[in-house]
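Okay, structure first, notes after.
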Amino acid sequence: MKKYYFNKSRDVAIFLCCVFCFFSVEAQVNIDWQTFLAKQDPVWETLPQKFDHGAFLGNGLLGTTIFQDAPQQLRFEIGRSDVTDHRRDNGRLPIGGLLLKTVGKIQSGTLRTDLWNAEVRGEIITDRGAVKFRALNHAKEIALIVDFDFEGDEKDAVFQWEPKEAAVLRDKIKNANIEANPQAESGRDGDLSYCEQKRIAGGSYTSAWRLNSEGPGKKRLTFTVADDFPGDRSKREALKTVERVAKIPVSTLEKSHRQWWHDYYPESFVSVPDSQIEGFYWNQIYKLASATRRERMVIDLLGPWYRETGWPRIWWNLNIQLAYSPVYAANRLELGESFTRFIDAKRDNFVKNAKDIWKFDDCATTPHTTDYEGLRGDGTAAQDGYINPGDFTWALHLYWQQYRFSMDKSLVTNHKKHAFYPLLKQSVNLYLKLLKKGDDGKLHLPKFHSPEYGDDEDNNYNLSLLRWACGTLLYLDGRYGFKDPMRPEWERVMRDLVDYPQDENGFRIGKNIAFKHSHRHWSHILMVWPLHVLSPERQADREAVVKSVKHWLTVEDAKGINGWSLAAASAMHSCLGDGDNALRCLRAHHNSKVSVMPNTQYIEGAPVIECSLVAAQSLQEMLMQSWGDVIRIFPAAPSEWKEIAFQDLRAEGAFLVTASRKNGRTAWIRIKSLAGEPCRVKPDFKDTFKLSDASVAVRETEAGVFELSLKKGQEVTLYQNENDVKPVAPVAIPQEKANFWGVKNAPVNNE
């Protein structure tokens, strides 16, 4: 290859005939994934004593959490994300736990989640012997497989299934007179055990298992849960699955399971010089694939795991949006498809919601919570009090990201298969029917709810989302030549919509409500992040953004700010290019021991999985941002992080980006275009840089922003010194700082 020099002080390209031999895609990778991820494994030096601290497994549908909950008992708590009640609010149902009852009293024990192989290994020492085990939720089979090795008297340890009452906690609290589902029925079918739970609404779900002897002191457990609605075949399906899987050699199961995960992890790579933050990030990447898959359930607040919760449905005023937030830059778009497939499958129900709530045709929406069909539910007064057009519009921003990071035009143009464009139009239609022209000539919104704060006219939450939606529709209409008859209406909104209400502290909640008390939701600053419809890079807007973020994080001493708020604050500081404060907020999130558990799950009275997942995006925002058609490299690298490496983070426009930071400066960047979109990059080089491919034209379009003429499938490396272009490798972290997460030494009591 030829070197291509670009001097930022003059818009001149100089081509040299030197051979550029050291660069190749293969030469740029030096990651021993097993060794690297082993340093991120959560390790329990003592057994976790409750669900919130337990080691977890998942395959996108079936979830297992392992912990000790009695002096002679280890619990494998089971969840399955599609086991719901199918009436009224159609909430998630508990299933139960498989109990290992030891002969002796447990004296000590350890657990370790092997991230690379997606397994949990454990050892239990009792006063009568010992138990070792390895557990996995198979990546492809809907089955939990546990291999046990018993020593001493523990060879007589027994297994017991403990079913949970088939009741939605929220219904038990709100609807005391709700008819109870029937009792579960347990039984045996040959050498298989089962527990069948029928539902009043129809259908059933069944847990089934088999315990095989694998030699002296060795046993193998094969377990599954099957769900059937409205049919009643769950028992037959569960028994059939266990019988089939139990006959497969463990080596065969292990190979297919591990291959799936070994293919998954290298889709992108991130390494930073902080074991707490790096370990947290990789545990979220593990958690994402444990929680969902392309063809499986949409992520709710629990994921595939279960413990009692007052939030057993889908929440739309922030929760589902945050759950998927790290998927796109992490280059794991297949996981995002569980959301887009859900939206496509339930499109008629979103239209039905608008008809039921607002009495409008050709509109689409959700209330702030729905069942797993995307439906409104029972329409209680408490639920109707939070009806808000913006919640559904914000959710469609996830679909937009699936499109922008893939540039798969069928997501927009194939309206029969993909519902994004029609539903975005219908969500805006709802706004259009409610907008009023004021005496000032501006279009105004009526009183809507600003999530978790209050109701107000012209609230910034809905103004932000309406602007984003209309701008997006105009972009897509122009790009794909739809010639949509609604275009003049969207242009009118963009021209005449009232400005964002502000005061001396920045953005208000709305026209009549100032942001006066500390609160965890940043609904009034949504236009900044994640929508990016208002750019802090424009000096005219920056002052308001800075004031708003500062006021949000300091008013009333920030007593209302929760852990996940700090993750969002970190991302906002990154948008401002303030890496040091971004790092401070992210560390504060991770140190929020009331909410962030030793296993990296997030609890606010009940599990809220999205509140830990969003922190993974917060780290991504420090390393790369790609909003506004510009790829920003290390836009918010903290000053104390002298070395950073990432590979194949995905940018809007479908670019794969790899970069290395050495000695506190950008060493080199590689960009590969997957779709041939215009490529504009802000590389953060301090001076002249070079390009590996002389065929790539480059020009500086604005200060520090360069346009590269990359074709589809083409890649180029930007660098200053060719000696700096070395293989991507993990940032060195001392061994004693590895394995930050887990429970160390003594049980942690995070109440």
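The values are calculated or read from the model by the stated rules, or taken from the named source; none is laboratory data. For clarity, every value in this text was computed on a predicted model and none was experimentally measured. When we count neighbours, we look across all protein chains shown, and the Cβ atoms used for this are built from the backbone with ideal geometry, even at glycine. In case anyone asks, the SASA skips ligands and DNA or RNA and just uses the protein heavy atoms, side chains included. Shrake-Rupley method; radii C 1.70, N 1.55, O 1.52, S 1.80 Å.
A few points about this structure:
- Only a single criterion out of (1) touching a residue at least 40 places away in the same chain (Cβ under 8 Å); (2) within 34 Å of the chain's Cα centre (by Cα); (3) crowded, with 16+ Cβ neighbours inside 10 Å is not satisfied by residue 724, namely (3).
- Helices (runs of 4 or more DSSP H) contained in segment 550-659 and holding at least 2 residues under 22 Å from residue 395 (Cα atoms): 563-575, 610-623
- Qualifying residue in segment 649-659 (condition: surrounded by fewer than 15 Cβ atoms within 10 Å (Cβ to Cβ) and in contact (Cβ under 8 Å) with a residue 24 or more places away in the chain): no
- Among the conditions (1) over 20 Å from residue 431 (Cα atoms); (2) not in a loop (DSSP other than H, G, I, E, B), the only one that residue 518 does not satisfy is (2).
- Hey, residue 166 under 30 Å from residue 260 (Cα atoms), outside any strand (DSSP E or B) and under 33 Å from the mean Cα position of the chain (by Cα) or not: no
- A search for C-beta distances below 8 Å between a residue of segment 575-602 that is farther than 23 Å from residue 115 by Cα and any residue that is among the basic types (Lys, Arg) and assigned to a helix (DSSP H, G or I), counting only pairs 6+ apart in sequence or on different chains, returns 576/542.
- Count of segment 42-63 residues, restricted to those that are touching a Gly at 6+ places or on another chain (Cβ under 9 Å), surrounded by fewer than 22 Cβ atoms within 10 Å (Cβ to Cβ) and in a loop (DSSP other than H, G, I, E, B), is 2.
- Within segment 272-299, the set of residues being outside any helix (DSSP H, G or I) and charged (D, E, K, R) comprises 274, 293, 294, 295, 296.
- Total residues in segment 536-574, condition under 24 Å from the mean Cα position of the chain (by Cα) and either touching a residue at least 60 places away in the same chain (Cβ under 8 Å) or exposed (fewer than 15 other Cβ atoms within 10 Å of the Cβ) (or both): 3
- Residue 530 being at pLDDT 95 or above, closer than 27 Å to residue 399 by Cβ and of a type outside the set (Lys, Arg): yes
- For segment 103-150, the set of residues classified as open to solvent by 10 Å² or more (accessible area, probe 1.4 Å), more than 19 Å from residue 252 (Cα to Cα) and in a loop (DSSP other than H, G, I, E, B) consists of 103, 105, 127, 128, listed by residue number.
- Evaluation of residue 491 against (1) open to solvent by 10 Å² or more (accessible area, probe 1.4 Å); (2) touching a Cys at 6+ places or on another chain (Cβ under 9 Å); (3) assigned to a loop (DSSP other than H, G, I, E, B) (one fails), failing number: (3)
- For segment 275-292, the criterion of being open to solvent by 10 Å² or more (accessible area, probe 1.4 Å) and more than 25 Å from residue 529 (Cα to Cα) is satisfied by at least one residue.
- If you go through segment 660-669 and keep only what is touching a helix residue (DSSP H, G or I) at 6+ places or on another chain (Cβ under 7 Å) and surrounded by fewer than 24 Cβ atoms within 10 Å (Cβ to Cβ), you end up with 662, 667.
- For segment 396-414, a residue qualifies if it is open to solvent by less than 10 Å² (accessible area, probe 1.4 Å) and either under 13 Å from residue 462 (Cα atoms) or more than 21 Å from the chain's Cα centre (by Cα) (or both), and exactly one does: 412.
- Qualifying residue in segment 451-472 (condition: without any contact (Cβ under 8 Å) to a residue 12 or more places away in the chain, assigned to a helix (DSSP H, G or I) and in contact with a Lys or Arg (Cβ under 9 Å, 6 or more places away or on another chain)): no
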